[in-house]
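To start, the structure itself, in structure tokens.
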Amino acid sequence: MSERKVLNEFQRDFPLVPMPYAALACALGRPEPWVLATLRRLIDDGLVSRVGVIFRPGSVGASTLAAIAVPPSRLASVARSVSAHAGVNHNYEREHRFNLWFVANAAGRAELAGLLARIERETVLPVLAMPLVTEYHIDLGFDLDNGKPSAPLAAATAKGASPALDATQRRVVAALQEGLPLSSRPYAEIAERAGLPRGEGEARVLAELRAWRDQGIVKRIGVIVRHRPLGFVANAMAVWDLPDADTDAAGRALALEAGVTLCYRRARALPAWPYNLYCMIHGREREEVDARLDAIAAHAGLARHPHARLFSRTEFKQRGARHFETAVVDG
């Protein structure tokens, strides 16, 4: 039961204290070495991606959702080529003519454009980019006891301007990209990775994380589970083409619907991709997800708008976002 609690109860609000795993151990009534060993095993077994930080999209560096229409005979090879880029963190096959969907990240807009251009040259296929316009709900926490994604925590949040990170903050973000070390003082190790002075470095990392959390730059700190191995295998991205003036109201309504794990407005990629409102539903059965999307569309008055429903097929890559490479951070 304690192992289940590690998976279920610490997906967010991870302690921002010098010895966070000791705090988890206290809450669980277990020794700290047991907590660390359990997390290592869950990572090795593929149930947990990492213990780490999820930044709000666009709040550090630049990112975009992107898609390619790949001939089926080339899908595996093109997916390998796309996944080979460090700046690509998620890469999935979906049921649509645009069948390869990935998230690309870079230090800035120019670097992101360069990454997408390299992927186009390598694959000899056009890439559609749909950058985030407004975030309504992004969480991807899963309530394993009730067998469903966590309920939305809040209503819509407009995307703010990205903060201008100084050199030290960029190094801290880069050090966090691999996740928190499974050690007694993980924030001290992050400080060391970031080249911060001993002693004050740990306090600086904790202060930055608290500030980023309070500003909404950090969406979540905690155990990042892998939803597919945990049984959430029926996952659909639903998209609608709404008049721009109506999108915010519909997005706010969608964000509060039970079962919605992601909801946001993205730029259209005309003429090939007219959709601007997105939501994700993660479920255990396809029929369950279809029924939930039907109910949501009816409740929100979306059924009359042009729409599409793209179920995930193959997962080619899933990892934390990489915005800064060492050479970029140090240079």
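The values are calculated or read from the model by the stated rules, or taken from the named source; none is laboratory data. Since this is a predicted model, take the numbers as computed values, not measurements. Glycine gets a Cβ as well: all are built from the backbone with ideal geometry, and neighbour counts include every protein chain shown.
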Exercise. Kindly indicate the residue of segment 45-82 that is out of contact with any Phe, Trp or Tyr (no Cβ under 9 Å at 6 or more places or on another chain) and within 18 Å of Ser2 (Cβ to Cβ) and also surrounded by the fewest Cβ atoms within 10 Å (Cβ to Cβ) among those meeting that condition.
Key: Asp45
Quiz item: For segment 206-282, list the strands (runs of 3 or more DSSP E) that sit wholly inside it and hold at least 3 residues that are under 22 Å from Val127 (Cα atoms); which are they?
Solution: 234-240, 260-266
Self-check item: For His85: the one exception among (1) assigned by TED's automatic domain parsing to the domain that holds Leu125; (2) surrounded by fewer than 22 Cβ atoms within 10 Å (Cβ to Cβ); (3) in contact with a Lys or Arg (Cβ under 7 Å, 6 or more places away or on another chain)
Solution: (3)
Exercise. Being in contact with a Lys or Arg (Cβ under 6 Å, 6 or more places away or on another chain) and of a type outside the set (Ser, Thr, Tyr) is the filter here, so list the residues in segment 48-57 that pass it.
Key: Ile54, Arg56
Quiz item: When both residues are 6+ apart or on different chains and their Cβ atoms are under 6 Å apart, which pairs have a first residue that lies in segment 64-78 and is within 29 Å of Tyr264 (Cβ to Cβ), and a second that is small (Gly, Ala, Ser)?
Solution: Thr64/Ala104; Thr64/Ala129; Ala66/Ala104; Ala66/Ala129
Quiz prompt | Residue ranges of strands (runs of 3 or more DSSP E) in segment 95-141 with at least 2 members modelled with pLDDT of 95 or more and closer than 19 Å to Arg322 by Cβ | solution = 100-106
